[in-house]
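Note sheet for the following structure.
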Amino acid sequence: MISVLPFHLAAQQYAVPLDHVLRVVPMLLPTQLPGAPANIAGVVSIHGQVLPVIDLAHVFHQPELKVDLWTPMIWLRTTARELLIPVSSVEEIGQVEPEQFVEGSHESIKSPLLSGVLSKHDHLLLIMDIEALLSPADEGALAQALADYCGTAQAPAEGAP
């Protein structure tokens with residue numbers, strides 16, 4: 001079984017692998033981060049940890065997400081860092097059979113941001129490759145912007161190389 005956390009961004013449904021999800025938190029308004037890549041909405045501090053907020057609407061070329069106090073943010077761990085993604089809504093954790101999963105390397109999937117597609121009963125669920133949210137160049141620019149903002153280099157996530 002594959003465990004995923006489905007969510008909506010505008011009218012499209014996506015999911016992230018559950019093993020990358022730390023928790024879902026209510027919206028925190030990000031502080032602008034000078035020098036950050038365009039897909040970074042800013043940073044927030046949770047329990048003293050400065051976390052970048054990825055603007056998925058920008059990444060997926062969708063209309064700007066309308067946020068309010070109850071807009072959920074998914075707290076994720078990549079190999080390089082922890083980050084937040086604001087989304088329209090979050091659904092219950094899903095368990096799917098491996099045969100329902102089409103790998104991201106399949107010729108029918110044209111986006112490097114997707115690790116695959118799940119065929120559900122009446123729709124497709126696009127599975128995000130969270131490691132691809134930041135290109136190496138974006139990761140470098142973000143690390144420098146965070147270092148400038150925090151006055152020190154941002155430590156990588158636990159278990160990161």
If we scan the range 83-101, do we find a residue that is surrounded by fewer than 17 Cβ atoms within 10 Å (Cβ to Cβ), hydroxyl-bearing (Ser, Thr, Tyr), at pLDDT 70 or above and closer than 14 Å to His20 by Cβ?
no
Those residues of the range 62-99 that are more than 10 Å from the chain's Cα centre (by Cα), farther than 15 Å from Pro37 by Cβ and in a loop (DSSP other than H, G, I, E, B) come to a total of 16
Please determine whether any residue of the range 60-69 is loosely packed, with under 13 Cβ neighbours inside 10 Å, touching a helix residue (DSSP H, G or I) at 6+ places or on another chain (Cβ under 8 Å) and within 22 Å of Ala137 (Cα to Cα).
no
Filter the range 13-36 for residues that are touching a Gly at 6+ places or on another chain (Cβ under 6 Å) and either touching a residue at least 60 places away in the same chain (Cβ under 8 Å) or in a strand (DSSP E or B) (or both) and give the result.
Thr31, Leu33
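This table checks each residue for (1) under 24 Å from Gln144 (Cβ atoms); (2) touching a Gly at 6+ places or on another chain (Cβ under 8 Å); (3) not aromatic (Phe, Trp, Tyr).
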| position | (1), (2), (3) |
| --- | --- |
| Ala11 | no, no, yes |
| Ala38 | yes, no, yes |
| Val43 | yes, no, yes |
| Gly48 | yes, no, yes |
| Phe60 | no, no, no |
| Val67 | no, no, yes |
| Thr71 | no, no, yes |
| Thr78 | yes, no, yes |
Test: Ala11 is in contact with a His (Cβ under 7 Å, 6 or more places away or on another chain) and loosely packed, with under 15 Cβ neighbours inside 10 Å
no
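The values are calculated or read from the model by the stated rules, or taken from the named source; none is laboratory data. Computed from a predicted model, the values in this text were never measured in an experiment. No Cβ is skipped: glycine too gets one built from the backbone with ideal geometry, and neighbour counts run over all protein chains shown.
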